[in-house]
1. Leaving out ligands and nucleic acids, note down the accessible area per residue over the range 65-170 with a 1.4 angstrom probe, in whole Å².
2. What part of the accessible area of the range 1-109, given as a whole %, is carbon or sulfur when the probe is 1.4 angstrom?
3. On a 1.4 Å probe surface of the protein chains, which of Lys46, Lys170 comes out largest in accessible area, and what is the full order?
4. Once ligands and nucleic acids are excluded and a 1.4 Å probe is used, how much of Ser44 is accessible, expressed in Å² to the nearest 10?
5. What is the range 107-170's relative contact order, in percent, from Cα pairs under 8 angstrom and six or more apart in sequence?
6. Under a 1.4 Å probe, what is the accessible area of the range 1-52 per residue, stated in Å²?
7. Could you please put Glu45, Glu117 in sequence from largest to smallest accessible area, using a 1.4 Å probe?
8. Positive end of the dipole of the chain, charges at C-beta (+1 Lys, Arg; -1 Asp, Glu), about the Cα centre: which of Asn60, Phe90, Leu14 has its Cα farthest in that direction?
Amino acid sequence: EADPQLIIVGRRELCKGHRFLIDALPDVIEAFPGTKLLVLGEGSEKDNCMQQVARLGLQNHVAFLGFKTHPYSYISHSDVIILPSLFEPFGLVYIEALALKVPVVAFNTPAANEIIENNETGLLVDKGDHKALAEKIIYLLSNPAERNNIAERAYAKYKSHFTTGVMIQK
């Protein structure tokens with residue numbers, strides 16, 4: 001099996017919670033030493049994120065790829081997308097993850113918990129809890145069948161709730 005690839009997509013701002021994912025990474029790497037994290041997006045927290053990665057000695061595990069107009073191929077080639085936002089006005093990236101059949105681990109916050117059903121179409125953890133974030137990522141990486149089941153249920157929810165046709169009908 002290939003080494004796990006994780007991804008976080010979004011502006012690098014405090015509200016997006018990158019620091020919690022970076023704090024969770026050492027536990028994930030302990031369980032899966034070949035883990036790679038792709039970080040897509042720019043923002044005011046860019047330097048802080050890079051310094052945190054260096055401080056934790058994670059440079060070989062994290063790739064900062066900057067802003068991508070079309071992040072979809074990066075997302076669809078990842079095992080898990082982590083969206084540790086502290087708040088979101090509307091969770092478009094959650095819906096994109098559902099559509100791309102990539103399981104989501106996110107903080108249990110408005111937008112996330114309106115789109116994702118915990119343990120059904122994704123995994124939600126308490127806001128700010130990097131240990132729980134690591135546990136859920138490790139759980140998904142350790143259980144490919146469950147990862148696939150969540151992704152399939154998420155895709156089914158996307159098809160029934162979030163396609164353009166369904167949105168227009170609503």
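The values are calculated or read from the model by the stated rules, or taken from the named source; none is laboratory data. None of these values were measured; they are calculated from a predicted model. No Cβ is skipped: glycine too gets one built from the backbone with ideal geometry, and neighbour counts run over all protein chains shown. The protein model used for the area step is the full one, side chains on, heavy atoms only, and it has no ligands, DNA or RNA in it. Shrake-Rupley method; radii C 1.70, N 1.55, O 1.52, S 1.80 Å.
1. 50 Å²
2. 54 percent
3. From most exposed to least exposed: Lys170, Lys46.
4. Ser44 has an accessible surface of roughly 80 Å² with all protein chains in place.
5. Details: 38 pairs, mean separation 18.6, N = 64.
Once divided by the residue count of the range 107-170, the mean separation gives 29 percent.
6. 44 Å²
7. Glu117, Glu45
8. After comparing all options, I get Phe90.
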